[in-house]
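The values are calculated or read from the model by the stated rules, or taken from the named source; none is laboratory data. Here the structure is a predicted model, which is why all the values come from computation and not from measurement. Virtual Cβ from ideal backbone geometry, glycine too; neighbours counted across all protein chains shown. These area figures cover heavy atoms from the full protein model, side chains too; ligands, DNA and RNA do not enter into them. Shrake-Rupley method; radii C 1.70, N 1.55, O 1.52, S 1.80 Å.
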Amino acid sequence: MTPRPPPKSPAPHRVVALLQPPQSAFPLACASEVFGDHGPAVPARYAFEVCTEHPGPVRTEAGYDVLVMTGLDALERADTVLVPGWQQPAGTEVPPAVVSAVRRAHARGARVVGLCSGAFVLAAAGLLDGRRAATHWARAAELSARFPRVRVDPAVLYVDHGDVATSAGSAAGVDLCLHLVRVDQGAAYAMRIARQMVMPPHREGCQLQYAELPASAPVAVSLAPLLEWLDGRLDQPVSVAEMAARSQVSSRTLTRRFTEQLGISPGRWLLDRRIAATRALLEETDLPVETIARRVGLSSAVNLRRRFHEALRTTPAAYRRAFRAERAVG
């Protein structure tokens, strides 16, 4: 009997970052951290590489050069084209060769992503015309003035249209990259990468909480200790009153802090975390819905199904089937 050959592993999703001097080091590092090699702890599902218009040393704002040996032809084989910033002086035109290469990649079906000021390159290519887009809050007015057909949203952390995505400044690039991983590979895989990076897999809120404030504005008390405490107790019922007691404030004050810093209520934040944990368990285990409901603190299968449908417009069973079918095909 002839042995059956083992199934082939799916080809990795190829992410190509387009660098342009002076290259901002942080958004490039964010992208490489998310889409790069995470070692044996996380199975490789992405191949990350860089290119530039003129191969050779690419100057960075950090004071060192990056040696890039691949030109714009690398975009022709990219599944995702990623522009990690555009640090040119105001009014500088994006090189025609770059615009053409980005347009061609998008036209053949590649996803095009702009981190922070990388949105300027996408706008120059016409990919954001008539669409909502994000960029660093400090450059939102400039993007809007230069490209009036772009609907610039200075508040959000990122905007994803499927074929095109943009993020706000700096760390919001990590938020968008992890979001794209969730879309491509599922919530459980994105959580693995987030754990490797020692950061939450998803941040709520808007970037306006980070914008410059008047000097007289009070400094907000960080919610981070409370959020970390809650993350470790998803399987337990926790009320807003208990959260407030943990933070040694009133329920009203706690709710105001959540709204100001995260843009949502304490109950909504906790429910979103429970739904994210549910997705990961549906993707990675065969546990019954009733067991999952207890593990994520949603008490019963009936409550879990209702909450899950409200959040994702599908049932846990359908989500599990669809995710596993996609993994089998991909």
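Taking region 28-38, which residues are more than 12 Å from ALA62 (Cβ to Cβ) and in contact (Cβ under 8 Å) with a residue 24 or more places away in the chain?
Just the residues of region 28-38 that are more than 12 Å from ALA62 (Cβ to Cβ), to begin with: 30-38.
Hits for region 28-38 are CYS30, ALA31, GLU33, VAL34, PHE35, HIS38.
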### Summary
Selection over region 118-135 where residues are surrounded by 23 or more Cβ atoms within 10 Å (Cβ to Cβ) and modelled with pLDDT under 95 yields a count of 3
### Query
For residues in region 307-330 being open to solvent by less than 60 Å² (accessible area, probe 1.4 Å) and assigned to a loop (DSSP other than H, G, I, E, B), which is modelled with the lowest pLDDT?
GLY330
### Query
When region 153-164 is examined, which residues are found to be at pLDDT 90 or above and farther than 24 Å from TYR319 by Cα?
VAL164
### Close pairs from region 270-286: first open to solvent by 20 Å² or more (accessible area, probe 1.4 Å), partner aromatic (Phe, Trp, Tyr) and in a loop (DSSP other than H, G, I, E, B), Cβ under 9 Å, at least 6 apart
none
### Message
Checking GLN236 against (1) open to solvent by 40 Å² or more (accessible area, probe 1.4 Å); (2) under 30 Å from GLN185 (Cβ atoms); (3) part of a helix (DSSP H, G or I); (4) polar (S, T, N, Q): exactly one of these is not met. Which one?
### Response
(3)
### Summary
Within region 136-164, of all residues that are open to solvent by 50 Å² or more (accessible area, probe 1.4 Å) and of a type in the set (D, E, K, R), the one nearest to ALA17 (Cα to Cα) is ASP160
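So, in region 74-96, of the ones that are among the polar types (S, T, N, Q) and in contact (Cβ under 8 Å) with a residue 12 or more places away in the chain, which residue ends up surrounded by the fewest Cβ atoms within 10 Å (Cβ to Cβ)? Break it down into steps so the answer makes sense when it comes.
Narrowing region 74-96 to residues among the polar types (S, T, N, Q): 80, 87-88, 92.
Remaining after also requiring in contact (Cβ under 8 Å) with a residue 12 or more places away in the chain: 80, 87-88.
Values: THR80: 22, GLN87: 18, GLN88: 16.
Per the criteria, the residue is GLN88.
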### Task
Answer yes or no: is there a residue in region 271-292 that is farther than 22 Å from VAL156 by Cα, in contact with a Pro (Cβ under 6 Å, 6 or more places away or on another chain) and β-branched (Val, Ile, Thr).
yes
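Listed residues PHE323, PHE258; which is touching a Phe, Trp or Tyr at 6+ places or on another chain (Cβ under 8 Å) and aromatic (Phe, Trp, Tyr)?
Details: PHE323 fails: touching a Phe, Trp or Tyr at 6+ places or on another chain (Cβ under 8 Å).
Unique residue meeting the criteria: PHE258.
For region 290-306, state whether one or more residues are open to solvent by 70 Å² or more (accessible area, probe 1.4 Å), over 17 Å from TRP229 (Cβ atoms) and either of a type in the set (A, V, I, L, M, F, W, C) or touching a Lys or Arg at 6+ places or on another chain (Cβ under 8 Å) (or both).
Taking region 290-306 first, the residues open to solvent by 70 Å² or more (accessible area, probe 1.4 Å) are 290, 294-295, 299, 302, 305-306.
Of the ones still in play, those that are also over 17 Å from TRP229 (Cβ atoms) are 290, 294-295, 299, 302, 305-306.
This time we only want the ones that are either of a type in the set (A, V, I, L, M, F, W, C) or touching a Lys or Arg at 6+ places or on another chain (Cβ under 8 Å) (or both), so: 302.
Yes, some residue in region 290-306 is open to solvent by 70 Å² or more (accessible area, probe 1.4 Å), over 17 Å from TRP229 (Cβ atoms) and either of a type in the set (A, V, I, L, M, F, W, C) or touching a Lys or Arg at 6+ places or on another chain (Cβ under 8 Å) (or both).
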### Message
For GLU61, only one of the following conditions fails: (1) in contact with a Ser or Thr (Cβ under 7 Å, 6 or more places away or on another chain); (2) open to solvent by less than 60 Å² (accessible area, probe 1.4 Å); (3) closer than 21 Å to SER24 by Cβ. What is its number?
### Response
(2)
